[in-house]
1. Would you point out which residue out of A133, A142, A128, A137 is exposed (fewer than 15 other Cβ atoms within 10 Å of the Cβ), modelled with pLDDT of 95 or more and closer than 28 Å to G108 by Cβ?
2. Under 6 Å between Cβ atoms, at least 6 apart or on separate chains: pull out the pairs that start in segment 37-64 with a residue that is among the hydroxyl-bearing types (S, T, Y) and end on any residue that is in a loop (DSSP other than H, G, I, E, B).
3. Are there any helices (runs of 4 or more DSSP H) wholly within segment 1-111 with 2 or more residues that are modelled with pLDDT under 95, and if so which?
4. Among the residues of segment 204-217, write down those that are without any contact (Cβ under 8 Å) to a residue 40 or more places away in the chain and either in a loop (DSSP other than H, G, I, E, B) or under 14 Å from the mean Cα position of the chain (by Cα) (or both).
5. Which of the residues spanning segment 262-278 are touching a strand residue (DSSP E or B) at 6+ places or on another chain (Cβ under 7 Å) and not aliphatic (A, V, I, L, M)?
6. Being within 38 Å of the chain's Cα centre (by Cα) and either in a strand (DSSP E or B) or modelled with pLDDT under 90 (or both) is the filter here; which residues of segment 302-322 pass it?
7. Do we have A294 as among the aliphatic types (A, V, I, L, M), at positive phi and either in a helix (DSSP H, G or I) or not assigned by TED's automatic domain parsing to the domain that holds E115 (or both) here?
Amino acid sequence: MPACRSMMFLLLCLLLVAPGAFGSEPEDAWDLEPGDYRAALLINGRTGEVLYESNPHLQHPPASMVKMMLVLLVIDRLETGTLTLQDPVVTSARASTFGGSQVYLKEGEVFPLGEMMKAMMIHSANDASVAVAEFLAGSVEACVALMNERARDLGMPDTIFRSVDGLPPRRGRQPDLSTVYDLSLLARELTRYPQVLHWASTKTAPFRGGAFILTNTNKLIGRFPGADGLKTGYYRKAGYNLTATAARGELRMIAVVMGASSNRARAREAARLLNAGFDMYSQIQALKEGEPVASAVPVAGGMAEQVTVAPARDVFVHVRRGAESAVRIEVAAPAVIEAPVVKGKSYGEVLVKYDDREVARVRAVAIDAIPEAPLFHRLMNDFD
């Protein structure tokens with residue numbers, strides 16, 4: 001009987017804890033209480049709008065989240081075609097000696113760049129990070145310089161990279177430093193690339209022919225709806241850090257948590273922020289395919305003097321709850337359309353704006369056919 005009561009108590013605790021950690025019932029997004037962290041930030045990943053902040057510009061060691069910048073450097077070169085994921089990366093003596101999270105690379109061991117990137121993004125492998133940095137720039141030091149240059153390009157004023165792995169600094173060295181705001185800018189840039197999200201959302205993957213299994217350090221993957229990245233970071237003085245992102249439909253949220261007290265706390269707080277962000281927005285249908293918009297467009301030389309246009313497809317947009325009236329529809333069409341007008345043909349575009357920012361643009365098509373008027377008809381109209 002006591003064992004039964006203990007089991008019931010444990011079940012009750014789990015039911016109480018789970019919704020707050022990963023459940024779909026978010027707290028009030030407009031009154032989000034501070035949590036278990038030193039700094040935190042939530043942004044709309046599509047627009048960059050800051051939705052919540054706590055110590056956004058507090059410099060703090062990001063730990064392994066520095067690897068996000070190394071990933072961006074690789075992606076930049078993949079995009080320009082100067083690198084491919086099949087390029088061989090050779091493990092140096094330096095790379096083979098790195099501790100912490102690793103895949104136990106041996107000096108001289110060679111893996112394709114894509115495999116090294118998986119080891120770095122999924123398993124946060126420090127030895128793979130050093131190998132990639134040396135492959136990319138010739139040395140770790142040269143790669144760090146590139147990382148800081150790219151940070152300046154992105155407008156990350158409070159970020160100083162001093163390593164490619166984010167490990168605690170050795171005696172006499174200074175730590176890497178960043179802020180939740182700066183890291184949100186980096187995360188937003190990374191979410192533009194499906195390849196990055198593919199790596200970051202992979203829960204497990206084989207390495208070295210399956211002899212080693214890469215395990216994702218981000219506990220939201222596979223547990224939080226829509227979670228597909230990005231990166232964790234931890235050492236004792238840095239605490240538990242997490243840059244998390246999730247997408248639901250066209251809406252993407254990015255949360256950054258730094259200095260949490262535990263692995264569970266950083267996942268819980270990131271989930272709480274992401275849930276609050278999704279709860280802030282509602283989806284509305286701004287345009288309906290085939291439904292006339294705005295006023296008709298004048299037609300010259302036709303059997304009718306004007307034609308109505310309609311969007312070529314449906315458009316749904318996400319807007320802040322209570323701000324639906326900020327959505328505006330504009331038609332960018334010729335001042336006059338020369339007959340004949342072909343039904344279904346594009347005559348300009350329909351623009352959807354939210355807070356004066358363009359969020360969608362679709363073809364404007366004629367909903368009626370208007371034939372060219374006979375010469376006599378046109379002459380009579382000119383006479384009138």
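1. On the way: A133 fails: exposed (fewer than 15 other Cβ atoms within 10 Å of the Cβ); A128 fails: exposed (fewer than 15 other Cβ atoms within 10 Å of the Cβ); A137 fails: exposed (fewer than 15 other Cβ atoms within 10 Å of the Cβ).
When all the criteria are applied, what remains is A142.
2. Pairs that qualify, where the first residue is among the hydroxyl-bearing types (S, T, Y) and the partner is in a loop (DSSP other than H, G, I, E, B), are Y52/L32; S54/P34; S64/S124; S64/G166.
3. 2-22
4. Filtering segment 204-217 down to residues without any contact (Cβ under 8 Å) to a residue 40 or more places away in the chain leaves 206, 209-211, 213.
Within segment 204-217, G209, G210, A211 meet the criteria.
5. Passing the criteria: S262, N263, R266, E269, G277, F278.
6. V309, A310, P311, V315, F316, V317, H318, V319, R320, R321, G322
7. Yes.
For (1) crowded, with 19+ Cβ neighbours inside 10 Å; (2) among the hydroxyl-bearing types (S, T, Y); (3) under 21 Å from L72 (Cβ atoms); (4) assigned by TED's automatic domain parsing to the domain that holds E109, each residue gets a yes or a no:
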position: G209; (1), (2), (3), (4): no, no, no, yes
position: G222; (1), (2), (3), (4): no, no, no, yes
position: R236; (1), (2), (3), (4): no, no, no, yes
position: E250; (1), (2), (3), (4): no, no, no, yes
position: M253; (1), (2), (3), (4): yes, no, yes, yes
position: R268; (1), (2), (3), (4): yes, no, no, yes
position: P298; (1), (2), (3), (4): no, no, no, no
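The values are calculated or read from the model by the stated rules, or taken from the named source; none is laboratory data. All values derive from a computational prediction rather than experimental measurement. Quick reminder, even Gly has a Cβ in these numbers, built from the backbone with ideal geometry, and neighbours come from all protein chains shown.
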